[in-house]
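Accompanying notes for the structure given below.
The values are calculated or read from the model by the stated rules, or taken from the named source; none is laboratory data. It should be emphasised that the depicted structure is a prediction, and the values quoted were computed from it without experimental measurement. Note that we place each Cβ from the backbone using ideal geometry, even for glycine, and neighbour counts take in every protein chain shown. Note: accessible area is taken over every heavy atom of the protein model, side chains too, but ligands, DNA and RNA are not part of it. Shrake-Rupley method; radii C 1.70, N 1.55, O 1.52, S 1.80 Å.
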Amino acid sequence: MSSLVQIRRQESGETDAGRKEAELLARLAALPSLLIAVSGGADSAYLAWAAHEALGSRALSVTAISPSYSAYDRAELEKFIAHAGVRHEFVETHEMDNPAYRANAGDRCYYCKDELFNVLDELAKVRGFSAVAYGLNADDTSDFRPGHRAAAEHQVLAPLLDAKLSKAEIRALSQRAGLPTWDRPASACLSSRLPYGTEVTPERLMLIESGEAILREMGFRQFRVRLHDKLARIEVAREELPLAMTPEMGVTISQRFKAAGFLYVALDLEGYRQGSLNAGLREW
């Protein structure tokens, strides 16, 4: 195919990602109605937008509120909702009431998603929605995610996966649609910051949230605060490590984290990497 033809195809929206999006919208439009589980990350936000485009008022995006969902994530989600105009509601989930979830073994995510989909199944039944969907994409299948098992058990749809959309394609299509979430850094629930075997408690989640708020205020963009007993192990994106490693920044971070309630503060020299705590699964 000549470069000129490729350019024209791109200008007309006939890219590979564009064709996948057309397929996604067609599949969504064929559904009678749909509930969409939305955390506010790039994937679920894009799915919420696509469902709204395809189904209008027959689509309802739903976000679960619990101690593991940060105030920052909620604020960012509310910005997206206001921008995209999607129909949306918040619901409460109670995974913290489940001892298996609090125990934080390697399958913690399963119990979280099982609770979420139980709540959404009941909501769909009461409100007359024909199906529930979530934002699993084509890249997610290579990662360890016990929550997918819960989705399969509840027969939750995965429209982005069915359309074979990758994370990069979702970001590109989100940007084309003008969604503010297109370049949002990867996000996950606060419980994912605790090593497996460390009990999930509201107090620990609040401490983690306070540490991540400090890093955000200081200008860091992609990071995690992993809580190891009383030690904060800070991961920041590798391109941001030089800023974090200056003596002045080190002193400031340490002082602010200790004032927030951490006893020790350490910077992880490997930088941010998604799922770094999965290394501990070998112990399970």
message: Checking Ala188 against (1) of a type in the set (A, V, I, L, M, F, W, C); (2) assigned to a loop (DSSP other than H, G, I, E, B); (3) crowded, with 19+ Cβ neighbours inside 10 Å: exactly one of these is not met. Which one?
response: (3)
The range 106-157: number of residues that are within 19 Å of Pro67 (Cβ to Cβ) and in contact with a Gly (Cβ under 7 Å, 6 or more places away or on another chain): 4
task: Take the range 45-81 and flag every residue that is touching a helix residue (DSSP H, G or I) at 6+ places or on another chain (Cβ under 9 Å) and of a type in the set (Gly, Ala, Ser).
output: Ala45, Ala48, Ala50, Ala51, Ala54, Ala59, Ser61, Ala64, Ser66, Ser68, Ser70, Ala71
- request: For the range 68-100, name all the residues that are in contact with a Cys (Cβ under 7 Å, 6 or more places away or on another chain) and within 22 Å of Ala124 (Cβ to Cβ).
  value: Tyr69, Glu95
query: Does Glu122 count as free of Cβ contacts under 8 Å to residues at least 40 places away in the same chain and either part of a helix (DSSP H, G or I) or touching a helix residue (DSSP H, G or I) at 6+ places or on another chain (Cβ under 6 Å) (or both)?
result: yes
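Within the range 161-175, can you find the residues that are more than 16 Å from Glu23 (Cβ to Cβ) and not hydroxyl-bearing (Ser, Thr, Tyr)? Give the derivation first.
Let us first name the residues in the range 161-175 that are more than 16 Å from Glu23 (Cβ to Cβ), namely 167-168, 171, 174-175.
Residues satisfying the conditions are Lys167, Ala168, Arg171, Gln175.
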message: Residue under question is Val62, and the condition is that it be of a type in the set (Val, Ile, Thr) and open to solvent by less than 10 Å² (accessible area, probe 1.4 Å); does it hold?
response: yes
- request: Filter the range 140-171 for residues that are open to solvent by 40 Å² or more (accessible area, probe 1.4 Å) and out of contact with any Leu (no Cβ under 9 Å at 6 or more places or on another chain) and give the result.
  value: Ser142, Asp143, Arg149, Ala152, Glu153, Gln155, Lys164, Lys167, Ala168, Arg171
